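Below is one structure; the comments refer to it alone.
The values are calculated or read from the model by the stated rules, or taken from the named source; none is laboratory data. Since this is a predicted model, take the numbers as computed values, not measurements. Here Cβ is always computed from backbone atoms with ideal geometry, including for glycine, and neighbour counts include all displayed protein chains. Each accessible area value is taken on the protein alone, full model and side chains, heavy atoms only, with ligands, DNA and RNA left out. Shrake-Rupley method; radii C 1.70, N 1.55, O 1.52, S 1.80 Å.
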Amino acid sequence: MIKNLVGFRKELEKVNEWWLTSRVKEAERFPFRREAFNEIRKEIETRRCLVITGPRRVGKSVLLKQTIQFLIKEGTNPRNILYYSLDDPTLYTFSDNLIKDLIDYFLENIAKKGRKYIFLDEIHVFEGWYKWIKAYYDKYENLKFFLSGSSSLALQKEANKYLRGRIITLEIFPLSFLEFLRLSGLKIKEFKLEDIFKLDELEIKKLWYEVKEYFQEFLVVGGFPEWFEIKGTKDEVERWFRRLIEDVPKKAIYEDVVKLFGIKNPRVLELILTFIAANQSKILAYETINDVAKLDRSTLLNYLEFLKSSYLLVEILKFARLKEQLKAKKKFLLLDQGIRNAILKEYEIREENLGFVIENVVGNRLYLISKEKNRNLFYWKINDEVDFVLRGEKILPVEVKYRDEIKPKDIKGLLNFMEKFKVKEGFVITKSLLKREKMRGKFLYFIPCWLFLLLAF
């Protein structure tokens, strides 16, 4: 029940400015549209609820506002669009059941004839949200829900239980290097593999000259879009790292994980995250992580799952049979290089750590591809090692050797893997070396990291 009708409507009109102005100011402020926007557009006229998940501050709210702007420009009555972020405490003071009161008030007092669109941001913070969405979805055929949240575990668990067959999920991640360049104002295209080797030496040098500064910047600050609000100000990196820590891992741990899963000692989650940040891209046993956490094994596994579901960590399994996978050590990456640098207070990339940084950036790119293309990402290690193995219809091994001179011993593991599993093609990620070569009957593509990050898969 709404306790103060006048106050409720006044606050709701502030948030839904387009009811009065037909304008969406946040979408106008951030006109750059990410690649994910095209996926959202495809779902606009479908019946199912679109659930958008991803880390905090990755740009989910902006994507929702851009979708609202698109709907209005396509002719939707602005009064048929409702938006609210459930982590905004304002309207809770006026309501006993905010989701119910929001939707009922909207349908009864604001909306006009025609299809209606309801955008509920950070919905995971509202207990029992899925029951209300199911109720309204089943009752009203002309409602389209767009929902977002920052905890995939909480959203997927409840959505799968109560909303099976009623939802489609879209995951949003930090900016890819290509998106980072485009948001920086560069008109850079994505390359197909065959097109890269059609470029002559002068074209490669020109392209590198154009992106070099941004590549080095990307390695330091990562891919969260809000960096571009800080960039150019005094002490920009230091200020950015402070904001990044407070807005992403701190809020994910202390506001999402603690509330959703009842964690009594969130400091342990920070210790685990910091330990993995300092050992990113290394193959670790759970026991090694537990030297810091000092938890029983089942609790440690739960804590790691919480960090993964909050989009802070990526866990990569060994390329092996399932039984061996479960027993084997795991490789861990931080989902964003900027978060790793912020946690460790590394304001510039040091030469002695550059290899691990590049491996993490390449791993994140491959992880993103695995999510987009419905593939799986592994590492491989017996006596030799391959940094990453992307498995879909075919197997694609990727070895990171961030140097200019690649010796035969550097790719021994990669070639042994390709022979063992009868794989025809593999990648070697280098500093500046670009070539393709046939070795032991296998095709190897040596590609500079910055160019690999612009490669279409």
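With respect to (1) under 20 Å from residue 318 (Cβ atoms); (2) open to solvent by 60 Å² or more (accessible area, probe 1.4 Å); (3) charged (D, E, K, R); (4) free of Cβ contacts under 8 Å to residues at least 40 places away in the same chain, the lone exception for residue 399 is condition (2).
If you go through the range 405-426 and keep only what is in contact with a strand residue (DSSP E or B) (Cβ under 7 Å, 6 or more places away or on another chain) and either of a type outside the set (Phe, Trp, Tyr) or without any contact (Cβ under 8 Å) to a residue 24 or more places away in the chain (or both), you end up with 406, 411, 413, 414, 415, 418, 423, 424, 425, 426. Residue count for the range 126-146 satisfying the condition of being charged (D, E, K, R), open to solvent by 60 Å² or more (accessible area, probe 1.4 Å), more than 19 Å from residue 260 (Cα to Cα) and outside any helix (DSSP H, G or I): 1.
For the range 344-361, the set of residues classified as open to solvent by less than 30 Å² (accessible area, probe 1.4 Å) and either farther than 19 Å from residue 391 by Cβ or part of a loop (DSSP other than H, G, I, E, B) (or both) consists of 346, 353, 354, 357, 358, 360, 361, listed by residue number. The single condition among (1) touching a Phe, Trp or Tyr at 6+ places or on another chain (Cβ under 9 Å); (2) assigned to a loop (DSSP other than H, G, I, E, B) that residue 50 does not meet is (2). In the set 245, 204, only one residue is open to solvent by less than 70 Å² (accessible area, probe 1.4 Å), under 28 Å from residue 432 (Cβ atoms), touching a residue at least 60 places away in the same chain (Cβ under 8 Å) and in a helix (DSSP H, G or I); that residue is 204.
Checking each residue in the range 291-327 for being in a helix (DSSP H, G or I), open to solvent by 30 Å² or more (accessible area, probe 1.4 Å) and within 19 Å of residue 397 (Cβ to Cβ) picks out only 324.
Only a single criterion out of (1) assigned to a helix (DSSP H, G or I); (2) modelled with pLDDT of 95 or more; (3) within 20 Å of the chain's Cα centre (by Cα); (4) not small (Gly, Ala, Ser) is not satisfied by residue 269, namely (2).
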